[in-house]
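Structure first, then comments.
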Amino acid sequence: MTTRKEADALGEIEVPEQALWGAQTQRALQNFKIGTQTFPPEFIEQYAILKKAAALTNLELGKLSAELSGFIVDACDEVIAGLHRDQFPISIWQTGSGTQTNMNLNEVIANRANELAGHDRGSRTPVHPNDHVNLSQSSNDTFPTAMHLTVMQGLLQCLAPALDGLLQALQQKQRQFEQRIKSGRTHMMDATPVTLGQEFGAYYSQIEFAREQLTAVQPALQCLAIGGSAVGTGLNTHARWSDAVVQKISNLTGIAYRPADNKFMFMAAHDALLDCHGRLRLLATSLYKMASDLRLMGSGPRCGLAEIKLPANEPGSSIMPGKVNPTQIEALTMVCLRVMANDSAVAMANTQGQFELNVYKPLILHTLWESITLLADGINSFNCNCLMGIVANEQQLDEYMAQSLMLVTALTPHIGYDNAALAAKWAYENNASLKHAVTTLGFLNAADYDKLVIPVNMLSP
């Protein structure tokens, strides 16, 4: 492999000739050979938006010439457009401030800017990775800023559309099944009647509540640490730097960001991100509850509850012919468990903010992005391949409703709780209908029973 020499504070190092990165990135590749996880392209592109905003702001504040700013902006635009994705190979398992990744951005942008200016890679002229691309910045304030930008993008562009589709499908099912009476269940045991539509309405409300919580956390995520510099004081930055660069970021992203009121907090801790992940966990528990109900209702087809029919997407067994399994539900619930586990990792990582800097930033970003994208993809797959194809098993629902002993609850105001309990017990022990039990025990005649026990009248106050 052809190489070139680049240098940093530790001296010279050989860098692959085709690489846009420089010495610090190369050292990171040698020193952090840990796992296979790298930062997602979306994070790199949001980081490049920040670098572009910085170059534009430094131009505005007279800290950078129009020529140098232009080269940096053009290089940033290429990264934002998705070019050079192979130039960001560093593991997420690196320094806790994300310095290696910040320098990876600085070096790639500088080398590409220098190429655009007609100079060689590695020349550090006319654009220097630290003096120009990283001007007025520190890894300690840029990395958490890029974290917030990426999480906001994930919530708005990935998860929100998935939730919108899921909620729309749940509303459709609620309307489709609004007249479909079935036996309710509490403690996994028979209870008074509900409609299948009421059950789907409950799922809708639970998911909608989770979505509202994710919306409510966004103002905190729109506060950015940029301008805090090394420790939160803003050392080596212009007095108007923070406000100006955040306004540029807002213009570039279309999202109304603002400088954090206390930058020390947003560099030393990531409470807003932990809060956000806690709300992702809430969504995961809601999805798990809904999916588990549907798996139970769809169990069978002959020896389970079999109240609903799930779409048959693929053969379910390599040994049992004709078997079909609730695979989409299993995939979604596995995603939910992963998100719940991720929440513990983010919580512990957020405790690691000794004095002026949290040093688990890459882990927090990686985990949040994984949870957001897994939930979005899992919801989309479940919605398209399972939820929209669910149909009611009308015959089974009618049979269960006719057999339910909990219809006796409608008689309690007329024959008393003790007599109603006695009738239900007698019917169960004698494998008889509730009507037969009530009339045999002499509590009511058949005509009065038929007037009082009407399942549709048991669906509301």
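Just so you know, all these numbers are worked out from the coordinates, no wet-lab data involved. These numbers come from a predicted model, not from an experiment. In this analysis, Cβ positions are derived from the backbone assuming ideal geometry, glycine residues included, and neighbour counts consider all displayed protein chains.
Any idea what angle helix 66-80 forms with the longest principal axis of the chain, computed on alpha-carbon atoms, 0 to 90 degrees, nearest 10?
It is inclined by approximately 30 degrees.
Kindly provide the pair-distance distribution of region 330-461 built from C-alpha pairs, with 5 Å bins from 0 and whole-percent values in order of increasing distance.
In order of increasing distance, the bins hold 2, 9, 13, 11, 8, 6, 6, 6, 8, 9, 8, 6, 5, 3, 1, 0 percent.
Ordered by packing density, taken as the mean number of other Cβ atoms within 10 Å over each peptide's residues, highest first, how do 234-247, 105-118 rank?
Sorting 234-247, 105-118 by mean packing, highest first, produces 105-118, 234-247.
Round to a whole angstrom and tell me the spacing of the C-alpha centers of region 237-312 and region 8-70.
The two parts, judged by their Cα centres, are 28 Å apart.
With everything on Cα atoms, drop me the angle between helix 196-216 and the longest principal axis of the chain, reported from 0 to 90° to the nearest 10.
The helix 196-216 is inclined about 20 degrees to the chain.
Below 8 Å between Cα atoms, with a sequence gap of 6+, how large is the relative contact order for the chain in percent? Walk me through the numbers on the way to the answer.
Details: 727 pairs, mean separation 70.6, N = 461.
Relative contact order, the chain: 15 percent.
Compute the length gained on full extension between Leu296 and Ala421: take 0.36 nm times their separation in residues and subtract their Cα-Cα distance, giving the result in nm to one decimal.
On the way: separation 125, 0.36 × 125 = 45.00 nm, distance 2.77 nm.
Here the answer is 42.2 nm.
Taking 0.36 nm per residue of separation and subtracting the Cα-Cα distance, what length does fully extending Gln213 through Gln172 add?
Contour length minus Cα-Cα distance gives 12.5 nm.
How large is log10 of I(q)/I(0) for the chain at q = 0.07, 0.09 Å⁻¹ when the intensity is taken from the Debye formula with one equal scatterer per alpha-carbon?
Log10 of I(q)/I(0), two decimals: -0.51, -0.71.
Pop a pseudo-label 7 angstrom from the Cα along the beta-carbon direction at both Asn431 and Ile34 and give the gap in nm to one decimal.
Computed distance between label sites Asn431 and Ile34 equals 6.5 nm.
Report the relative contact order of region 211-262, percent, no decimals, based on alpha-carbon pairs under 8 angstrom and at least 6 residues apart.
Details: 40 pairs, mean separation 21.0, N = 52.
Relative contact order comes out at 40 percent.
Before anything else, pin down the relative contact order of region 141-394: Cα pairs under 8 Å, at least 6 apart, normalised by residue count, whole percent.
Relative contact order for region 141-394 comes out at 24 percent.
Which of the peptides 348-354, 222-228, 407-413 is most tightly packed, and how do the rest follow, going by the mean number of other Cβ atoms within 10 Å of each residue?
Ranking the peptides 348-354, 222-228, 407-413 by packing returns 222-228, 407-413, 348-354.
Given C-alpha coordinates of region 130-283, what is the ratio Rg to Rh with the Kirkwood estimate of Rh?
Numbers: Rg = 22.1 Å, Rh = 18.2 Å.
Reported Rg/Rh, Kirkwood definition of Rh: 1.21.
What is the local net charge at Ala117, summed over the other residues whose Cβ is closer than 11 Å to its Cβ (Lys, Arg +1; Asp, Glu -1)? Provide the component values of the computation, followed by the final result.
On the way: positive: Arg112; negative: Glu67, Asp74, Glu115, Asp120.
Counting the neighbours of Ala117, the net charge comes to -3.
By the gyration tensor of its Cα atoms, with a ≥ b ≥ c the square roots of the eigenvalues, what is the shape of region 364-420: rounded for a/c under 1.5, prolate for a/b over b/c, or oblate?
Oblate is the answer for region 364-420, as a/c is 1.5 or above yet b/c matches or exceeds a/b.
Tilt of helix 361-385 relative to the longest C-alpha principal axis of the chain, in degrees (0 to 90, nearest 10)?
Around 40 degrees separate the two axes.
Treating only the Cβ atoms of Lys and Arg (+1) and Asp and Glu (-1) as charged, compute the dipole magnitude of the chain about its Cα centre; round to the nearest 20 debye.
460
Using modelled amide H (1.01 Å from N, peptide plane; none on Pro or chain starts), what sits under 5 Å from the amide H of Arg4, excluding residues fewer than 5 places away?
Val15, Glu17
Given axes a ≥ b ≥ c from the Cα gyration tensor, I'd like to know whether region 404-455 is rounded (a/c under 1.5), prolate (a/b larger than b/c) or oblate.
rounded
So, by mean Cβ neighbours within 10 angstrom, what's the order for 199-211, 143-155 with the highest one leading?
143-155, 199-211
Among Glu399, Glu212, which comes first, then next, by fewest other beta-carbon atoms within 10 Å?
Sorted ascending by nearby Cβ count, the order is Glu212, Glu399.
Give, in nm to one decimal, the length gained when the segment between Glu14 and Asp190 is fully stretched (0.36 nm per residue of separation minus the Cα-Cα distance).
56.2 nm
When the Karplus curve 6.51 cos²θ - 1.76 cosθ + 1.60 is applied with θ = phi - 60°, which whole-Hz ³J(HN,Hα) does each residue of region 123-136 get, with x for Gly and Pro?
6, 6, 9, x, 9, 9, x, 8, 5, 10, 5, 9, 4, 6
Got a sec to turn the phi values of region 47-55 into Karplus ³J(HN,Hα) couplings, 6.51 cos²θ - 1.76 cosθ + 1.60 with θ = phi - 60°, whole Hz, x for Gly and Pro?
Per-residue couplings from phi come out as 4, 5, 4, 4, 5, 5, 4, 5, 5 Hz.
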